[in-house]
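Colleague: Once you've had a glance at the structure underneath, I'll fire off some questions.
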Amino acid sequence: MKKVIIMALFCIITVCAKAQIETGYRGFVDAGYGISVSKVTFDTGYYGSVEADISNQAFLTTSHGYQVMSHLFVGGGAGVTYYHEGSTVAFPVFGHVRTDFGSRLGYFAEVKGGYTVKDIDGAFISPAIGIRYALTDNLGINLGVGYLAQKVKDMDGTLGAINIKVGIDF
């Protein structure tokens with residue numbers, strides 16, 4: 001019984017141990033999947049307008065910047081997004097602001113905003129919330145859910161997608 005109590009206390013202390021994020025350089029790598037929730041209208045020129053449901057998307061992003069204080073990160077990044085319908089590829093370039101709260105098991109809120117180029121050109125914003133599990137003071141695993149709102153050149157409407165992502169921060 002004594003061993004069980006000691007093991008339980010050890011687990012509680014390990015989970016609750018303070019793992020505060022240190023100031024200085026910080027980087028993120030995220031991979032995720034977005035489910036389309038909008039339709040947009042394309043102007044095809046000669047053939048008129050066509051309404052289309054932009055397909056689901058897979059994405060990979062990385063951002064790097066400065067942890068200003070334990071709860072505030074400011075940086076920038078880039079990535080690649082693959083839209084399944086029509087094999088469309090876009091390359092987002094963005095600014096990234098994030099706040100983290102909690103200790104070993106905490107939560108975060110972030111916003112990425114910028115511009116995509118290649119097959120889809122236009123400005124976007126992508127807020128997200130999630131949880132972060134700190135492996136060390138400078139290494140964590142993230143799981144988040146967010147929304148993508150993208151205005152696309154030559155389209156009427158805004159692309160929208162609910163996304164889920166997993167990543168690491170270092």
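The values are calculated or read from the model by the stated rules, or taken from the named source; none is laboratory data. Treat the numbers as computed from the prediction; the structure is a model and nothing was measured. Neighbour counts run over all protein chains shown; Cβ positions are idealised from the backbone, glycine included. Accessible surface is based on the protein model in full, side chains and every heavy atom, while ligands, DNA and RNA are left aside. Shrake-Rupley method; radii C 1.70, N 1.55, O 1.52, S 1.80 Å.
Colleague: Go over the candidates D154, D121 one by one and state the one that is open to solvent by 30 Å² or more (accessible area, probe 1.4 Å) and more than 17 Å from G79 (Cα to Cα).
Modeller: Answer to the selection: D154.
Colleague: Within the group I141, I164, I168, which residue is surrounded by fewer than 16 Cβ atoms within 10 Å (Cβ to Cβ), of a type in the set (A, V, I, L, M), modelled with pLDDT of 90 or more and farther than 18 Å from E22 by Cβ? Outline the logic, then answer.
Modeller: Details: I141 fails: farther than 18 Å from E22 by Cβ; I168 fails: farther than 18 Å from E22 by Cβ.
Testing whether each residue is surrounded by fewer than 16 Cβ atoms within 10 Å (Cβ to Cβ), of a type in the set (A, V, I, L, M), modelled with pLDDT of 90 or more and farther than 18 Å from E22 by Cβ leaves just I164.
Colleague: Within the group V74, V68, which residue is touching a Gly at 6+ places or on another chain (Cβ under 6 Å), at pLDDT 95 or above, exposed (fewer than 15 other Cβ atoms within 10 Å of the Cβ) and over 24 Å from G157 (Cα atoms)?
Modeller: After ruling out the rest, the residue left standing is V74.
Colleague: Going by the conditions given, is R132 basic (K, R), under 19 Å from H64 (Cα atoms) and open to solvent by less than 60 Å² (accessible area, probe 1.4 Å)?
Modeller: Details: basic (K, R): yes; under 19 Å from H64 (Cα atoms): yes; open to solvent by less than 60 Å² (accessible area, probe 1.4 Å): yes.
So R132 passes the test.
Colleague: Right, here's the next one. Return the residues of region 94-110 that are open to solvent by 70 Å² or more (accessible area, probe 1.4 Å) and either of a type in the set (F, W, Y) or closer than 18 Å to D30 by Cα (or both); say none if nothing qualifies.
Modeller: V97, F101, Y107
Colleague: Scan region 82-93 for residues that are open to solvent by less than 70 Å² (accessible area, probe 1.4 Å) and closer than 13 Å to S36 by Cα and jot them down.
Modeller: Passing the criteria: only Y83.
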